[in-house]
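First the structure, in the form of structure tokens, and then the observations on it.
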Amino acid sequence: MAPRANWKGFLRLSLVTCPVALYPATSDTEKVSFNQINRKTGHRIKYSKVDAETGEEVANEDIMKGYKIDTDTYIEVSKDELDDIALESTRTIEIDEFVPKSDIDGRYLIRPYYLVPDGKVGHDAFAVIRETIRSMNKVAIGRVVLTNREHIIALEPLDKGLMGTLLRYPYEVRSETEYFDDIQDVKITKDMLDLAKHIVEQKSASFEPEQFEDRYEQALIDLINQKRNGLSTKAKPAPKTSGNVINLMDALKRSLASEKEAAPAPAKAKGKKPKKAAAGQREMLLPISGSGKRAAKETAKEAPKKAEKPVRSTARAKKAG
């Protein structure tokens, strides 16, 4: 099922306008999550909203926002008052300017979204805006309101759609000065720099996100599997540390030597690539013993149920219609 749009409205470049929908480009829902439970009863913990002074539960319709100005003193702000100050960008992303992508400091980036035409109309106008941004080789800057807050959004072409990245305001970004002032100015010799460069060269590769595994997530799944199957869990020994580095040059030399030893052998002739699992296919975490279809079926019947690895499909299903 396609995710629900976080926002729907219009994208406007001067007099060119089209209806659009904004979808989250990332998700945390596929990660292992836990509920809080009562250790004594095993029941799930439930939270109630209570008055801090009386201890009585408060109904949702009696709860409003308040800005604290002093101890136990708040300025009350109603939903209607917040709606009255809502800006035009609550329904429209208007492109204000175009800037080089390199001008945007990485500290200002918050999270990415996908921007697509909403419905069957407006695809022509959307394509005009998308291709204009693409041809200028720049990023379009606009504003959008999400959860009652106005955000700066940077738009750039991504395949047939647009990727919008929310940006922080300057007051949200801390200056590095107060953190970097105490870093000592040290002189690095050419020999040290050359050795470090060799290490970098040994470790250089193309960035392929699919090669990275969330090891903590996998450890959580393994732990749940073990407990579900009634297996005992053992605490891992503390990792050994090599202690403080006494001689930096010696450490660099040993690092370079270990990287050369760990370097993979030259690639052999390419064979047939294994077929990728279909989108949405779940993997069994523990291998099924035995061989052949019959053994597999028998083992599957005997084996206790296992927690399955969360689905991490590479593509979302297209929205029906």
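None of the figures in this text is laboratory data; all of them are computed from the coordinates on show. These figures come from a predicted structure and were not determined experimentally. Backbone-built Cβ (ideal geometry, glycine too); neighbour counts: all protein chains shown.
Remark on VAL58: its backbone amide H falls under 5 Å from those of LYS49, VAL50, ASP51, a criterion applied only to residues 5 or more positions apart or on other chains, H modelled at 1.01 Å from N. Subtracting the Cα-Cα distance of ASP80 and LYS68 from 0.36 nm times their residue separation leaves 2.4 nm of extension gain. The distance between label points at THR189 and GLU94 comes to 6.3 nm (points 7 Å beyond Cα on the Cα→Cβ vector). Extension gain for ILE104 to GLN218 (0.36 nm times residue separation, less C-alpha to C-alpha distance): 37.6 nm.
Note on LYS236/LYS40: beta-carbon distance plugged into 1/(1 + (r/R0)^6) with R0 of 35 Å gives a FRET efficiency of 0.75. Determine the alpha carbon to alpha carbon distance for each of LYS40/LYS227; LYS138/LYS190; LYS79/LYS120 and list only those over 27 Å. In this structure, LYS138/LYS190; LYS79/LYS120 exceed 27 Å between Cα atoms.
Listed cross-link partners LYS101/LYS203; LYS8/LYS160; LYS203/LYS260 are compared with a 20 Å cut-off, the Cα-Cα value being larger for LYS101/LYS203.
Multiplying the residue separation of TYR179 and ASP28 by 0.36 nm and subtracting their alpha-carbon distance yields 51.3 nm. Looking at the range 1-139, what % of its DSSP beta bridges pair antiparallel, to the nearest 5? Counting only bridges with both partners in the range 1-139, antiparallel ones make up about 85 percent. Modelled spin labels at GLU56 and ASN6, positioned 7 Å past Cα toward Cβ, are 3.9 nm from each other.
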